[in-house]
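Notes follow the structure.
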Amino acid sequence: MNGSTIIKIYGSVLSRANRCLWVLEELGLDYEHVNIDPRSGETRSAAYLALNPSGKVPVMVEEEFVLTESMAITRYLAGKLPTRLLPADPVARAKIDQWTLWAVTEVEPFATLVVREMRLGDSADPGLTGKCKEHVSKALETIESCLTDSGDYLMGDNFCLADLNVAAVVYMVPVIGIGMETAPRTSAWLQRCLKRPAWLKLQDL
C-alpha cells in the first residue's frame with residue numbers, strides 16, 4: 001500500500017461506488033469496502049447520515065477526510081498516483097473533466113431513469129422509457145465520432161480516468177436494452193475497458 005491510511009468506500013458494487021473501487025483496483029491501493037445497499041435502509045442510519053446527509057452512496061472516508069459524489073472521488077483517488085490515470089498536463093486533465101461531465105449529464109441520468117422504470121414492471125411508462133433510450137442512443141453518436149482507428153481509448157493509446165469514468169456509465173447502455181450496432185467503435189472501446197483485470201475483479205464481488 002502507498003501510505004499508512006486505509007481508504008474506506010461505502011456502497012454496493014452495483015451502485016456508483018463501483019467506479020471508485022475500479023480506480024483503487026487499477027492503482028493497486030489498499031482499501032476497505034463497506035458494502036451498503038441503499039435499498040436496505042442502512043444509508044438512513046444516524047451514523048451514515050453523519051457522513052453523507054443526502055443518504056446516498058458512495059462515500060469515501062480517509063481518516064478525517066470525507067468525500068461524496070462518485071466522480072469527485074475517482075478524481076481524488078486517481079491523483080494519489082499521478083500519471084497512472086490522471087495525466088500531469090492541464091489540457092489532458094481538462095479533457096478528462098469534459099468526458100466525465102458528458103457521461104454524467106448526457107448518458108447517466110437517462111439510463112438511470114430507464115433502469116428505474118424497468119423495475120416497475122407492468123407499471124413502467126413506455127413513453128418515458130422510449131424518450132430516454134432515444135436520448136442515450138443519440139448521445140452515443142458523440143463518443144462514436146470521437147473514437148478513431150488510431151487509438152484504443154478516448155484520449156489515445158493509453159487507458160486513463162476519462163475511459164474509466166465514461167465506461168462506468170456507458171456499460172449501462174446494453175443493460176437497458178440499447179443495441180450498439182450503430183456504434184461499433186464505441187462497442188469495441190467499451191469491451192476493452194470492461195475486460196481490464198481491475199473491472200473483472202469487481203464483478204467477482
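For the reader, a short list of remarks on this structure follows.
- Each Lys and Arg adds +1 at its Cβ and each Asp and Glu adds -1 at its Cβ; summed about the Cα centre, region 12-54 shows a dipole of about 300 debye.
- Computed from point charges on the beta carbon alone (+1 for Lys and Arg, -1 for Asp and Glu), the dipole magnitude for region 1-150 about its Cα centre is near 200 Debye.
- Counted over the chain, the DSSP beta bridges are approximately 70% antiparallel.
- From least to most packed, judged by other beta carbons within 10 angstrom and beginning with the fewest, V166, V34, V136 follow the order V34, V136, V166.
- For the peptides 180-190, 118-128, 5-15, 37-47, the ranking by mean Cβ contacts within 10 Å, running from highest to lowest, is 5-15, 180-190, 37-47, 118-128.
- Vicinal HN-Hα couplings computed from phi for region 129-143 (Karplus, 6.51 cos²θ - 1.76 cosθ + 1.60; Hz; Gly/Pro x): 4, x, 5, 5, 5, 4, 5, 5, 4, 5, 4, 4, 4, 5, 5
- Rounded, prolate or oblate (a/c below 1.5 giving rounded, otherwise prolate when a/b exceeds b/c) for region 49-107 by Cα gyration tensor: oblate
- For region 7-83, with +1 on Lys and Arg beta carbons and -1 on Asp and Glu, the positive-most of P38, L81, L24 along the dipole: P38
- Euclidean distance of C-alpha centroids, region 32-101 and region 102-140, integer Å: 24 Å
- For V61, neighbours were defined as the other residues whose beta-carbon sits under 11 Å from its Cβ, and their charges (Lys and Arg +1, Asp and Glu -1) total -3.
- Taking 32 Å as the limit for the C-alpha separation, the pairs K8/K138; K80/K138; K131/K201; K80/K131; K56/K195; K138/K195 exceed it in the case of K8/K138; K80/K138; K131/K201; K80/K131.
- When only Cα pairs below 8 angstrom with a gap of at least 6 residues are kept, region 76-205 shows a relative contact order of 26 percent.
- H135, H33 arranged by Cβ crowding within 10 Å, fewest neighbours leading: H135, H33
- Global form of region 105-205, assessed from the alpha-carbon gyration tensor, a/c cut-off 1.5: oblate
- Prolate/oblate/rounded label for region 7-83 (Cα gyration tensor, a/c 1.5): prolate
- Dipole size of region 69-202 about its Cα centre, with +1 on Lys/Arg Cβ and -1 on Asp/Glu Cβ: approximately 500 debye, rounded to the nearest 20.
The numbers here are math on the coordinates, done by the rules we state, and not lab data. Not measured: the values here are computed from a predicted model. Heads up, the Cβs are rebuilt from the backbone with ideal geometry, glycines too, and the neighbour counts pull from every protein chain shown.
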